[in-house]
1. Among the residues in the range 103-126, are any at pLDDT 95 or above and surrounded by fewer than 24 Cβ atoms within 10 Å (Cβ to Cβ)?
2. Does residue 733 qualify as being within 19 Å of residue 684 (Cα to Cα), in contact with a strand residue (DSSP E or B) (Cβ under 8 Å, 6 or more places away or on another chain), charged (D, E, K, R) and at pLDDT 95 or above?
3. Give the residues of the range 302-350 that are within 30 Å of residue 207 (Cα to Cα), of a type in the set (Gly, Ala, Ser), buried (at least 19 other Cβ atoms within 10 Å of the Cβ) and more than 28 Å from the chain's Cα centre (by Cα), sorted by residue number.
4. Here are 621, 602: which of them is in contact with a strand residue (DSSP E or B) (Cβ under 8 Å, 6 or more places away or on another chain), of a type outside the set (Asp, Glu), outside any helix (DSSP H, G or I) and outside the structural domain of residue 461 (by TED's automatic domain parsing)?
5. Quick test for you: out of 201, 254, 184, pick the one residue that is crowded, with 21+ Cβ neighbours inside 10 Å, in a loop (DSSP other than H, G, I, E, B), modelled with pLDDT of 95 or more and within 34 Å of the chain's Cα centre (by Cα).
6. Does residue 721 count as buried (at least 24 other Cβ atoms within 10 Å of the Cβ) and over 21 Å from the mean Cα position of the chain (by Cα)?
7. Can you tell me how many residues within the range 119-137 are under 32 Å from the mean Cα position of the chain (by Cα) and part of a loop (DSSP other than H, G, I, E, B)?
8. Out of all the residues in the range 349-368, which are assigned to a helix (DSSP H, G or I), over 22 Å from residue 111 (Cα atoms) and of a type outside the set (Lys, Arg)?
Amino acid sequence: MSVSRSRAVLAGAAGALLVVTLTPVPSAGAASVPSAGAGRGREVPLVEDPVAYVDPFIGTTRGGNAWPGATRPFGMIAWSPTSTNGDQTSTGAANGYEYNVTKVRGFSLTHVNGAGCNPGAAGDVPIMPYVGEVDSSPTADSKDAKYVSTFSHANESASPGRYSVTLDSGARTDLAVSMRAGISDFSFPAGSAANLLFRTSNSLNGSEDAEISIDASARTVNGSVLTGGFCGRRGNGGGAGNPNRRSYYRLFFSAVFDRDFARTGTWKDATVTPGGTSASGGEGYLTGADRAGRGSGGWVGFDTGSDADVRMRLGISYVSLDGAVANREAEVPATATVDSVAAATRAAWSTELGRVRVGGGTEARTKAFYTAVYHSLMQPQTMNDVDGRYLGADLQIHSKRPGQQAVYGTFSGWDQYRAQIQLLAILRPDVAGDMAQSMLDFAAQNRGIWDRWLHLGAPTHVMTGDPAAPTLATYHAMGVRNFDVRGALDSLVKQATVQNPDALSDAGCPGQCVGQRPTLNTYLALKYAANDICHCWGGAAETLENSLADFSLAMWAQRAGRGDLYRQFLPRGDYWRNTYNPAVGYQAARRADGSWQSGFSPSTDVGFAQGSSATYTWMVPQDVSGLAAAMGGREAAAARLDGFFHDENGNWAVLGGNALRYDPTNEPGIHAPWLYNGLGQPWKTQETVRQIVDTAYGTGPGGLPGNDDLGTMSAWYVFAAIGLFPQVPGRAELLLGSPVFTRVVIDRGNGVRLTIRANATEPYVQSVKLNGAGLRKSWLPESFVQRGGTVAFTVGAAPNRSWATADGDLPKDH
């Protein structure tokens with residue numbers, strides 16, 4: 001979901017190229033890469049320490065909206081800097097950190113990876129080490145002129161689970177996290193006025209309420225912030241009538257220190273109270289001057305005459321203050337140090353990253369690869385406290401189910417179902433199953449409605465389609481079973497067959513329409529979403545999304561032995577045909593009377609959501625042969641696809657900036673490079689994917705092409721780099737490209753091993769063997785994911801135009 005990206009680009013800003021930034025950044029440590037040549041006559045060695053290749057700064061500029069702070073795999077806490085552009089409401093990036101903005105106003109406890117809204121979500125409770133006297137209200141410093149500090153990237157470092165920076169003020173922050181808690185050493189210049197500011201009300205989106213309580217005798221600072229409204233300040237959804245302008249979580253925190261406070265204080269709005277120990281008040285959810293000077297917080301100070309170091313242990317909870325305390329004491333006990341906590345989380349990341357081990361690649365590709373795996377496994381995020389309780393979609397407190405490892409939230413559905421959920425299902429099927437169960441329970445708490453975009457467990461209504469259906473169908477296809485399979489299928493079928501009360505509402509449209517499966521009865525009668533009455537973001541996009549979702553439900557039903565549902569939903573997977581206009585050869589918006597929207601051009605976004613007709617026309621991965629037939633046959637379709645990836649002069653056009661061409665920064669078309677396999681020209685998939693890997697992606701802060709969208713773009717890179725890609729949601733077949741490593745070993749969490757080998761890293765496939773037998777097909781069967789095996793590539797510098805081109809060797813559509 002890419003709301004912060006300028007849609008003007010899709011309106012035809014031709015020639016605007018995105019350039020990969022190769023700025024060097026501090027590394028987590030030197031590491032050597034096993035070379036491709038090392039495999040001559042023996043096995044190519046695999047990377048021994050994947051964590052050493054993770055660079056958390058990748059994606060922190062160029063719109064990637066990643067952040068470098070500390071988090072654990074699937075962690076609740078995500079502790080990272082909040083920067084400022086000279087305005088408390090402007091941080092430079094949706095998630096609070098922009099590499100080129102080197103002024104910080106605090107270190108916030110929660111973040112969402114790569115979300116597209118600006119501001120996005122979270123960024124709760126910035127904590128700022130401030131060198132100087134607090135003699136005015138930090139909230140009144142609305143232009144961030146005083147209670148901030150600049151810093152240099154030379155004095156900043158990040159690795160999985162740890163973040164450190166020495167600010168130009170002389171204050172140093174060194175922090176590490178567990179799953180729900182964190183620890184930080186703060187160092188101040190000797191003899192300075194040393195204070196820690198708790199900006200409790202200053203979440204990225206603002207706040208409805210906040211509170212702080214300081215107990216000097218217990219050396220504690222406790223508090224909370226009531227906030228929410230993900231994506232709530234967008235231009236098309238930020239007005240008073242926006243149904244998402246509401247608070248839907250309260251984050252509690254509890255901090256305890258290793259030394260006494262020398263002073264305390266609080267503030268509310270412009271009033272500062274030296275010696276104060278409690279304050280409350282929110283900022284509201286407005287921007288700029290309307291929010292300036294509002295809010296509350298507090299500070300604690302320390303005597304640096306003989307000791308300039310302070311250690312803080314902190315826990316968070318979405319349930320209660322007691323929960324935050326319990327999380328802290330269970331995970332970061334009094335004996336903990338930054339080193340010990342960082343080491344434990346580094347070990348957790350080593351385990352997760354080590355589930356996929358590579359060898360024979362370049363240093364840069366290995367770094368980009370493991371950083372992509374890292375970004376992909378930041379989510380879903382753990383929601384429950386150590387006692388199993390969590391905040392539900394109904395804003396009530398619930399307990400996780402018996403046998404459930406964790407309750408997981410934050411689901412960027414429209415984005416993630418295209419790549420990230422497949423990678424999660426492969427690497428951690430147990431987490432995928434708990435995520436599916438969590439989503440089912442959230443739906444039950446939300447009147448049976450599966451929302452498209454969950455922040456924590458709460459509905460935000462963002463985007464379009466019904467992404468929960470292909471997500472859970474894909475999990476089931478990939479062997480995930482640790483959830484209520486029948487209950488989830490029945491619930492999603494009901495959502496797709498029984499119109500809910502919000503289906504006829506335009507509230508929140510476009511972008512955050514409240515209705516799930518909007519105008520369902522009319523959709524089922526017309527067999528497409530009529531753009532003039534659909535109560536959706538765009539009728540053509542809604543039709544394509546629902547067609548794919550219904551196809552995935554049919555596949556799930558077939559696999560589950562539900563023949564009645566299979567027969568009911570399979571024809572609905574072909575509804576894409578009803579918005580394909582043969583007169584123009586593109587998907588187009590269609591009205592309820594059957595007519596086509598006037599003024600069509602392939603670059604139009606009328607009827608679509610964050611994309612053009614030229615992009616969405618390819619969004620039929622479930623029926624490539626049918627799409628090709630509609631375009632005049634496979635040769636004609638392949639020629640059309642050539643024009644999608646090249647400009648009029650035959651040059652590559654895969655960096656975005658043109659509504660008629662491929663956009664690597666947004667999701668509707670990211671599967672398109674792999675469609676050549678279904679058109680009988682797999683060598684073009686190989687060369688196109690490699691071009692995107694090597695030009696749209698890279699290392700350094702600009703190494704992502706755009707919003708990471710909760711690991712979606714990173715997951716795309718992971719699949720591209722290993723030479724495999726999910727064919728279609730709802731199934732487990734994998735399309736073949738060509739790997740950039742000569743050896744890949746994936747150990748699924750269920751004990752299944754997938755092995756990929758190649759004789760070199762050239763882009764073009766000459767031949768393939770599956771489990772030792774020659775493979776003439778450009779795809780792997782579901783059994784490869786489900787039961788494991790070895791796929792061996794022979795690659796070369798020139799395309800083999802005869803491999804995997806026969807009619808019987810093309811990927812099956814159904």
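1. Yes, because at least one residue in the range 103-126 is at pLDDT 95 or above and surrounded by fewer than 24 Cβ atoms within 10 Å (Cβ to Cβ).
2. Values: within 19 Å of residue 684 (Cα to Cα): no; in contact with a strand residue (DSSP E or B) (Cβ under 8 Å, 6 or more places away or on another chain): yes; charged (D, E, K, R): yes; at pLDDT 95 or above: yes.
Spelling it out, it is not the case that residue 733 is within 19 Å of residue 684 (Cα to Cα), in contact with a strand residue (DSSP E or B) (Cβ under 8 Å, 6 or more places away or on another chain), charged (D, E, K, R) and at pLDDT 95 or above.
3. Step one: of the range 302-350, the residues within 30 Å of residue 207 (Cα to Cα) are 302, 310-332.
Filter once more, so that each one left must be of a type in the set (Gly, Ala, Ser): 315, 317, 320, 323-324, 326, 330.
Checking which are buried (at least 19 other Cβ atoms within 10 Å of the Cβ) leaves us with 315, 317, 323-324, 326.
The answer is 326, and nothing else.
4. Values: 621 fails: in contact with a strand residue (DSSP E or B) (Cβ under 8 Å, 6 or more places away or on another chain).
It is 602.
5. Values: 254 fails: in a loop (DSSP other than H, G, I, E, B); 184 fails: in a loop (DSSP other than H, G, I, E, B).
Answer to the check: 201.
6. Numbers: buried (at least 24 other Cβ atoms within 10 Å of the Cβ): yes; over 21 Å from the mean Cα position of the chain (by Cα): no.
Spelling it out, it is not the case that residue 721 is buried (at least 24 other Cβ atoms within 10 Å of the Cβ) and over 21 Å from the mean Cα position of the chain (by Cα).
7. 8
8. Of the range 349-368, the ones assigned to a helix (DSSP H, G or I) are 349-353, 363-368.
Restricting the remaining residues to those that are over 22 Å from residue 111 (Cα atoms) gives 351, 363-367.
Scanning the range 349-368 gives 351, 363, 364, 366.
The values are calculated or read from the model by the stated rules, or taken from the named source; none is laboratory data. These figures come from a predicted structure and were not determined experimentally. Cβ: placed from backbone, ideal geometry, glycine included. Neighbour counts: every protein chain shown.
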